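Coordinate-derived values only; no laboratory data. Computed from a prediction, not measured in an experiment: that's the story for all the values here. So basically every Cβ, Gly included, is an ideal-geometry build from the backbone, and we count neighbours across all protein chains shown.
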Amino acid sequence: MHPILNIAVKAARRAGSIINRASLDLGQIKVNVKQQSDFVTEVDRAAEAAIIDIIRDAYPGHGILAEESGLLEAAGSGDIQWIIDPLDGTTNFIHGFPQYAVSIGIAQKGIVQHAVVYDPNRNELFTASKGGGAFLNEKRIRVSACNKLADALIGTGFPYRMFDHIDAYLGLMKDMMQKTAGLRRPGAASLDLAYVACGRLDGFFELGLAPWDMAAGSLLITEAGGLCGDLTGEPNYLDTGNIIGGSPKVFGQLLQAAAPYLSAKLKA
Ligand code: IPD
Ligand code: CA
Ligand code: CA
């Protein structure tokens, strides 16, 4: 394993143990509302602080973009930036719904090179380095062989805070309900992407995500032999926040299905 990925794994596991400990007594946890339907807890903050401590110890010059702290340093030495979601799926976590993860991506000049998504409930560690394949608990993973939307299990995330593209989303969702084997909304985008990488889902789409929701998970998919793009298939999803991912055939069919719903803004 690349030494920088080792540090990322150490940080993700440390955050995971903070999250697991806190999950034993959810009643104790103070919840703050950042904006409508957007929650943060002291657990998100403690997990993020632990991750940042480990990074700064090992790589003091690196840039960091973290959900709760924002842009801490612009991309530092070697143009490297860590992109961190310390607890992806906070709403699930607060409810004791066991589907959430720690997500850490490491980008160089804006291209994600290394990825860790860690599910502390199941002790499942998803890792990838660009060009080196994707792994679940050190075993190689691949996207599913699914090549027909009609056979596909598709993950998604509902709009819950920003409703600019709600009509496009609902149009696509209505189609997906009728054209696929099933739709799921598990509630932690990074883990949904990891599930595409290991073939538990055949594809995924969501609009309005943040870079820390997608950075690590998207590399897992491409390193597992799948494809990711924005709604037009271009590789701009970290900027636009809109992502489609899947096994190669399902990715193509999801793009086709989305095309009729793309407003001018979604095509941009
Ligand atoms: C959220 C989760 C959710 C997705 C949201 C994200 P958070 O992240 O990934 O699945 O639908 O768009 O914001 O806020 O729990 O880190
Ligand atoms: Ca998130
Ligand atoms: Ca989060």
In the neighbourhood of LEU5 defined by beta carbon distances under 14 Å, the net charge of the other residues (Lys, Arg +1; Asp, Glu -1) is +1
Could you give the nm distance between label points at PHE39 and ALA150, where each point is 7 Å from its Cα heading toward the beta carbon?
4.1 nm
In deg cm²/dmol and to the nearest 500, what is the mean residue ellipticity at 222 nm of the chain if only DSSP H runs of at least 4 residues count, each as -39500 (n - 2.57), divided by the residue total?
-11000 deg cm²/dmol
Rounded FRET efficiency, nearest 0.05, which uses the C-beta distance separating ARG184 from SER263 and R0 of 22 Å:
0.30
Between SER69 and HIS2, Cβ-based FRET efficiency (R0 22 Å, step 0.05) works out to 0.35
Which whole-number percent is the relative contact order of the chain (Cα, under 8 Å, 6+ apart)?
16 percent
Of the peptides 81-89, 243-251, how do they stack up when ordered by the mean number of other Cβ atoms within 10 Å, highest first?
81-89, 243-251
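Set the bar at 29 Å for Cα to Cα. Now go through LYS34/LYS265; LYS30/LYS174; LYS179/LYS267; LYS34/LYS179; LYS139/LYS265 and name every pair that lies beyond it.
Values: LYS34/LYS265 26 Å; LYS30/LYS174 37 Å; LYS179/LYS267 23 Å; LYS34/LYS179 36 Å; LYS139/LYS265 40 Å.
Table pairs above 29 Å Cα-Cα are LYS30/LYS174; LYS34/LYS179; LYS139/LYS265.
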Nearest 10, in degrees from 0 to 90: the angle of helix 3-23 to the longest Cα principal axis of the chain is 90 degrees
Tell me the relative contact order for region 1-51 as a rounded percent, counting alpha carbon contacts under 8 Å between residues six or more apart.
42 percent
In degrees from 0 to 90, rounded to the nearest 10, what is the angle of the helix 42-58 Cα long axis to the longest principal axis of the chain?
70 degrees
